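Peer 1: If you scroll down you'll find the structure; I have some questions about it.
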Amino acid sequence: MKMTVSQALVQILEKEKITTAFGIPGAAINPVYQYLEGAPINHYTMRHEEACIHAADGYFRARHEIALAICSAGPGATNFVTGLYTAYIDSMPVLAIVGQANSNQLTQEPFQCVDMPEIVKTVTKKAWRLEKADDLPQIMRDAFLLMKSGRPGPVLLELPLDLQKAELDFDIDAYTPAKIPTVLPNPEAIQEAISMIAASKAPVIIMGGGCILSECSAQVIELAEFLQIPVITTYMAKGGIPVDHPLNAGHAGIQVGQPLGNRILLDSDLVIGIGCRFSDRHTGDLKTYREGRRFIHINIDPAQIGLVFQPDLGIISDAKPAAEALLAQAKISGLRPINPERAQSVAVLRKELARKTDYNCAPMMPHRVFAEINKAFDDSTYFTSGCGITQIWSGQLQDINAPAMYLPSGGAGTLGYEIPALFGIKVAKPDHTAVTVVGDFGLTFMGEEIAVASAFRKPIIIVVLNNAYLGLIRQNQKGYGFEYAVDMPYNQDGTIDYVKLGEAYGCLAERVFSPEELSAALIRAKAASESSGRCYLIDAICIKTQLCDMGTSIASIKSWAPAD
């Protein structure tokens, strides 16, 4: 039957089970909005186009269902780029659709005309411009297949205005969503991996973000328990194993790493990386990271195997079937626990190497802020984190006991991700408490999306770790022997008032100076979120110049925390 591209597009979105859209309408995309209005797709109008992508990204992380991000042409479309990069590097599928000028004007520099497929080709799995109306069904089928298959990621479709209104012959009943193939491991490679494990004396498993996406944390833990192998989680897999699990060795790394994780990794002779990327903030100095140990790298993306360094064994596979195959083969081979005495030492070392957090000063130590957050919220609470010194403390100090509850910007480290992503999470999981801890500077990136959460009565809790500095940049500058343009005293002296900002965006808001005040404020925030549906902002005044623990090698992390 005859229908417009816009009408066919919305019908396809419905059939592909898109139920949620985050967007901003505009003249170059309004023909699509004409049909979105009557569709069974909940649309949330955001305050900035970048936030549309972050919200759709957060929605997927919490629900594992794709959401639509949609906006008009020109500067609106280019605002998508940072969000697409954030989703792309963290392997999150987002469907991005943008408007465009009329096809016959594209070479004439018309108003708000920019080549989005060309701009985003390095931060999407693929980007299309619709050139013929009849091409739409196949492009959409390919788009959904590409988003979900292999290493997941975002795609973009640009729609010229005239083609949105053009007609095509289309029958939605003839449209069939593509089947997503499962990437299974080579059985011989699995056998080789088991042989390497059997020959090792001190193996360690790295649970990566791919295990969260593949929803196989339980299978990895079962494998670890069967073989008594400690488990390190990457930052993207935080919460994949409960904090107090006997085999939880925490994080390894040069920033969000923890003393326990670094110790266990340095003491290992075999590293089994499942669904991880061996990124630079995890490995630090590669010579130190690699020396004296062998590596098995399991990843769904062939391009990741050997990207950073060549492992002794690479296995191309989805994380879940790989973990299941390793466990099955270990049992078939009669493999027994590897070095159970070492495994039993993990719990003891966890206590011995734990970072101090019980500081009682006011203004507060950032460490104490996270200690209070750990006490205030239960394991069903969702958290986001963006970038900067606040994010590093969050990775080091927050206790997360369940997979896919801590959903940070990992590979990109995007300031501004925190709040719109948290809104997307709250849309996806409305019955869960949703919290972000953001720096006073980071709050001003996408902070306007608090108003969206208030307007749609999706209450989120924002804790501002206010140290009146660009803390991580200051710490970096200290390595060069200078400090410039990083102090922001006005964020604490009353010139800038984040309480009033929160109230202007519809929040209940307060400022706290001591751990006792923060503890009480967090209780009020949670109660308000659950009962009144109001967002809550807490401006937590912290010591200005506290540095965070980090280094260039996992063997040489500098601690800056005071002893008392």
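Peer 1: Could you please find all residues in segment 101-118 being part of a loop (DSSP other than H, G, I, E, B), without any contact (Cβ under 8 Å) to a residue 40 or more places away in the chain and polar (S, T, N, Q)?
Peer 2: Within segment 101-118, 107, 108 qualify.
Peer 1: Working carefully through the options 545, 552, find the one that is under 26 Å from the mean Cα position of the chain (by Cα) and hydroxyl-bearing (Ser, Thr, Tyr).
Peer 2: Testing whether each residue is under 26 Å from the mean Cα position of the chain (by Cα) and hydroxyl-bearing (Ser, Thr, Tyr) leaves just 552.
Peer 1: Moving on to the next point. Of all residues in segment 272-319, count the ones that are in contact (Cβ under 8 Å) with a residue 40 or more places away in the chain and acidic (Asp, Glu).
Peer 2: The total comes to 4.
Peer 1: Quick one: in segment 10-67, of everything that is aromatic (Phe, Trp, Tyr) and out of contact with any Leu (no Cβ under 9 Å at 6 or more places or on another chain), which residue is farthest from residue 408 (Cα to Cα)?
Peer 2: 33
Peer 1: Quick one: which residue in 72, 91, 6 is within 23 Å of residue 451 (Cβ to Cβ), of a type in the set (S, T, N, Q) and crowded, with 20+ Cβ neighbours inside 10 Å?
Peer 2: 72
Peer 1: Quick check on my filter: what residues within segment 52-67 are assigned to a helix (DSSP H, G or I) and either closer than 17 Å to residue 81 by Cα or of a type outside the set (A, V, I, L, M, F, W, C) (or both)?
Peer 2: 52, 53, 54, 55, 56, 57, 58, 59, 61, 63
Peer 1: Would segment 68-82 turn up any residue that is modelled with pLDDT of 95 or more, closer than 18 Å to residue 423 by Cβ and in contact with a Pro (Cβ under 6 Å, 6 or more places away or on another chain)?
Peer 2: no
Peer 1: May I ask you to say which residue of 151, 129 is in contact with a helix residue (DSSP H, G or I) (Cβ under 7 Å, 6 or more places away or on another chain), within 24 Å of residue 50 (Cβ to Cβ), in contact (Cβ under 8 Å) with a residue 24 or more places away in the chain and of a type in the set (D, E, K, R)?
Peer 2: Result: 129 is the single residue among 151, 129 that is in contact with a helix residue (DSSP H, G or I) (Cβ under 7 Å, 6 or more places away or on another chain), within 24 Å of residue 50 (Cβ to Cβ), in contact (Cβ under 8 Å) with a residue 24 or more places away in the chain and of a type in the set (D, E, K, R).
Peer 1: May I ask you to verify whether residue 232 is assigned to a strand (DSSP E or B), closer than 20 Å to residue 284 by Cβ and without any contact (Cβ under 8 Å) to a residue 60 or more places away in the chain?
Peer 2: yes
Peer 1: Among the residues of segment 210-219, count how many are part of a helix (DSSP H, G or I) and more than 18 Å from residue 314 (Cβ to Cβ).
Peer 2: Selection size over segment 210-219: 5.
Peer 1: State which residue is most open to solvent (accessible area, probe 1.4 Å) when the search covers only segment 98-156 and only residues that are among the acidic types (Asp, Glu) and farther than 26 Å from residue 301 by Cα.
Peer 2: Residue satisfying both the conditions and the ranking: 109.
Peer 1: Looking at segment 475-495, is at least one residue touching a strand residue (DSSP E or B) at 6+ places or on another chain (Cβ under 7 Å), surrounded by fewer than 22 Cβ atoms within 10 Å (Cβ to Cβ) and among the aliphatic types (A, V, I, L, M)?
Peer 2: Yes, the conditions are met somewhere in segment 475-495.
Peer 1: Taking the residues in segment 317-338 that are within 23 Å of the chain's Cα centre (by Cα) and open to solvent by 30 Å² or more (accessible area, probe 1.4 Å) as candidates, determine which candidate is farthest from residue 184 (Cα to Cα).
Peer 2: Restricting to residues being within 23 Å of the chain's Cα centre (by Cα) and open to solvent by 30 Å² or more (accessible area, probe 1.4 Å), the top hit is 320.
Peer 1: Does any residue of segment 23-42 turn out to be surrounded by fewer than 24 Cβ atoms within 10 Å (Cβ to Cβ), among the charged types (D, E, K, R) and free of Cβ contacts under 8 Å to residues at least 60 places away in the same chain?
Peer 2: Yes, because at least one residue in segment 23-42 is surrounded by fewer than 24 Cβ atoms within 10 Å (Cβ to Cβ), among the charged types (D, E, K, R) and free of Cβ contacts under 8 Å to residues at least 60 places away in the same chain.
Peer 1: Further, regarding this structure: Do we find that residue 510 is charged (D, E, K, R), open to solvent by less than 60 Å² (accessible area, probe 1.4 Å) and either in contact (Cβ under 8 Å) with a residue 12 or more places away in the chain or touching a strand residue (DSSP E or B) at 6+ places or on another chain (Cβ under 9 Å) (or both) in this structure?
Peer 2: Spelling it out, residue 510 is indeed charged (D, E, K, R), open to solvent by less than 60 Å² (accessible area, probe 1.4 Å) and either in contact (Cβ under 8 Å) with a residue 12 or more places away in the chain or touching a strand residue (DSSP E or B) at 6+ places or on another chain (Cβ under 9 Å) (or both).
Peer 1: Here's a follow-up. Would you check which residues across segment 80-118 are within 15 Å of residue 66 (Cα to Cα) and among the hydroxyl-bearing types (Ser, Thr, Tyr) and list them?
Peer 2: Across segment 80-118, the qualifying residues are 88, 91.
Peer 1: Let me ask another. Residue 465 is checked against (1) surrounded by fewer than 24 Cβ atoms within 10 Å (Cβ to Cβ); (2) touching a residue at least 40 places away in the same chain (Cβ under 8 Å) and fails just one. What number does that condition carry?
Peer 2: Condition not satisfied by residue 465: (1).
Peer 1: Further question: Being over 24 Å from residue 219 (Cβ atoms) and surrounded by 21 or more Cβ atoms within 10 Å (Cβ to Cβ) is the filter here; which residues of segment 399-412 pass it?
Peer 2: Result: 409, single match.
Peer 1: Which count do you get for residues in segment 31-51 that are outside any loop (DSSP other than H, G, I, E, B) and among the aliphatic types (A, V, I, L, M)?
Peer 2: 3
Peer 1: Can you tell me which of 59, 85 is of a type in the set (Phe, Trp, Tyr), surrounded by fewer than 22 Cβ atoms within 10 Å (Cβ to Cβ) and in contact (Cβ under 8 Å) with a residue 40 or more places away in the chain?
Peer 2: That would be 85, the only listed residue that is of a type in the set (Phe, Trp, Tyr), surrounded by fewer than 22 Cβ atoms within 10 Å (Cβ to Cβ) and in contact (Cβ under 8 Å) with a residue 40 or more places away in the chain.
Peer 1: Residues of segment 246-267 being over 14 Å from residue 353 (Cα atoms), out of contact with any Lys or Arg (no Cβ under 8 Å at 6 or more places or on another chain) and open to solvent by 40 Å² or more (accessible area, probe 1.4 Å), which ones?
Peer 2: The answer is 246, 266.
Peer 1: Separate question: Taking segment 477-504 on its own, how many of its residues are acidic (Asp, Glu) and either assigned to a helix (DSSP H, G or I) or farther than 16 Å from residue 544 by Cβ (or both)?
Peer 2: Total satisfying the criteria: 2.
Peer 1: Given the conditions (1) open to solvent by 20 Å² or more (accessible area, probe 1.4 Å); (2) out of contact with any Gly (no Cβ under 9 Å at 6 or more places or on another chain); (3) of a type in the set (D, E, K, R), report the number of the one that residue 457 does not fulfil.
Peer 2: (2)
Peer 1: If you don't mind, another one. Can you name the residue in segment 360-388 that is open to solvent by less than 10 Å² (accessible area, probe 1.4 Å) and in contact with a Cys (Cβ under 8 Å, 6 or more places away or on another chain) and is also farthest from residue 525 (Cα to Cα) among such residues?
Peer 2: 365
The values are calculated or read from the model by the stated rules, or taken from the named source; none is laboratory data. In this text the structure is predicted, and so the values were computed from the model without any measurement. Note: ideal-geometry Cβ built from the backbone for every residue, glycine included; neighbour counts use all protein chains shown. Note: accessible area is taken over every heavy atom of the protein model, side chains too, but ligands, DNA and RNA are not part of it. Shrake-Rupley method; radii C 1.70, N 1.55, O 1.52, S 1.80 Å.
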